[in-house]
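The values are calculated or read from the model by the stated rules, or taken from the named source; none is laboratory data. Because the structure is a prediction, the values reported are computed rather than measured. Methodologically, a virtual Cβ is constructed for each residue, glycine included, from the backbone with ideal geometry; neighbour enumeration extends over all protein chains shown. Heads up: the accessible areas ignore ligands, DNA and RNA and are worked out on the full protein's heavy atoms, side chains in. Shrake-Rupley method; radii C 1.70, N 1.55, O 1.52, S 1.80 Å.
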Amino acid sequence: NVLKLLNEPTAAALTYGFSRRESGRLLVLDLGGGTFDITLMEYTDNVFRVRGVGGSTSIGGTNFDRAIVEHILKEFQTLYGFDLSQDRIAYQQLVIHAEKAKIDLSSTDETRIMVPYITATEKGPIHLNMSLTRGELEQLIAPILREIDEQILLTFEQTDFSPQWVDSVILVGGSTRLPVIEKIGRA
């Protein structure tokens, strides 16, 4: 029997054990695959109160993946003079490997993107084998990071709270594992 449905920020706060405290003010940043949700919450007397919400339906982890794909496409075009975006199968492989690279760069400073036989030309098969560093990724996603910052500040402006109001930050969603997102949450 369902007794009560919880919104995602409240569920995240409970999951992270916030209800064991007496009180507090939370900033919940939920960076999913396709959306970025921001919630300002207050916890007092065993009750969570949403004090403000914000975010964007056009920012998410897939934006990071796309930035990596565009980088690979450009590098591959430069090296081999071949546009992989015109090959649907090769492009799908890029999307899969871009997400894997993003995940890898959450816990390491450098990763390799390797796809054997990504395509073939008259001269024979071409393999994709390139490295990507965390620093390069952060440069590629810098415009998205600025949008994330802007959305957080906009949420504070709309609620008349300042960032100093927040006691704790909860990061939800796979892309929040990137160290650069953790830095944004702490700032």
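Going by a ≥ b ≥ c, the root eigenvalues of the Cα gyration tensor, does the stretch 28-165 fall in the rounded group (a/c under 1.5), the prolate group (a/b larger than b/c) or the oblate group?
Prolate, since a/c reaches 1.5 and a/b exceeds b/c.
Could you give each residue of the stretch 107-123 its phi-based ³J(HN,Hα) in whole Hz, using Karplus coefficients 6.51, -1.76, 1.60 with θ = phi - 60°, and x for Gly or Pro?
10, 9, 7, 8, 9, 10, 10, 10, 10, x, 6, 4, 7, 9, 10, 4, 7
Lysine pairs, Cα distance under 26 Å, 8 or more residues apart or cross-chain: how many in the chain?
Going through the chain pair by pair, I get 5.
If you plug each phi of the stretch 81-94 into the Karplus form 6.51 cos²θ - 1.76 cosθ + 1.60 with θ = phi - 60°, what whole-Hz ³J(HN,Hα) values come out, in order, with x for Gly and Pro?
3J(HN,Hα) across the stretch 81-94, in whole Hz: x, 10, 8, 5, 5, 7, 10, 4, 5, 4, 4, 4, 4, 4.
Which of GLU147, GLU70, GLU22 ends up with the largest GNM mean-square fluctuation for the chain, with Cα atoms connected below 10 Å?
GLU22
Between the alpha-carbon centers of the stretch 117-131 and the stretch 56-87, tell me the distance in whole angstrom.
Answer, in whole Å: 17.
Can you tell which of HIS127, HIS97, HIS71 shows the greatest fluctuation in a Gaussian network model of the chain with Cα springs below 10 Å?
HIS127
Taking R0 as 25 Å, what FRET efficiency do you get between TYR117 and GLN139 from their Cβ-Cβ distance, rounded to the nearest 0.05?
About 0.30, to the nearest 0.05.
With just the Cα atoms defining each centre, how far is the stretch 137-187 from the stretch 1-31? Give it in Å.
Centre-to-centre (Cα) distance: 18 Å.
Please give the per residue accessible area of the chain, computed with a probe of 1.4 Å over protein heavy atoms only, in Å².
Heavy-atom SASA per residue in the chain reads 59 Å².
To the nearest 20 debye, what is the magnitude of the charge dipole of the chain about its Cα centre, counting +1 on the Cβ of each Lys and Arg and -1 on the Cβ of each Asp and Glu?
380 debye
Report the one residue of LEU140, LEU3, LEU14 whose Cα lies farthest in the direction of the positive end of the charge dipole of the chain (charges on C-beta: Lys and Arg +1, Asp and Glu -1; origin at the Cα centre).
LEU3
Among ILE89, LEU79, LEU153, which residue has its Cα positioned farthest towards the positive end of the charge dipole of the chain, with +1 placed on the Cβ of Lys and Arg, -1 on the Cβ of Asp and Glu, and the dipole taken about the Cα centre?
Toward the positive end, the furthest listed residue is ILE89.
Convert each backbone phi in the stretch 69-79 into a coupling constant with the Karplus relation 6.51 cos²θ - 1.76 cosθ + 1.60 (shift: θ = phi - 60°), then list the ³J(HN,Hα) values in order as whole Hz, x for Gly and Pro.
Each residue's phi maps through the Karplus curve to give 4, 4, 4, 4, 4, 5, 5, 5, 4, 5, 6 Hz.
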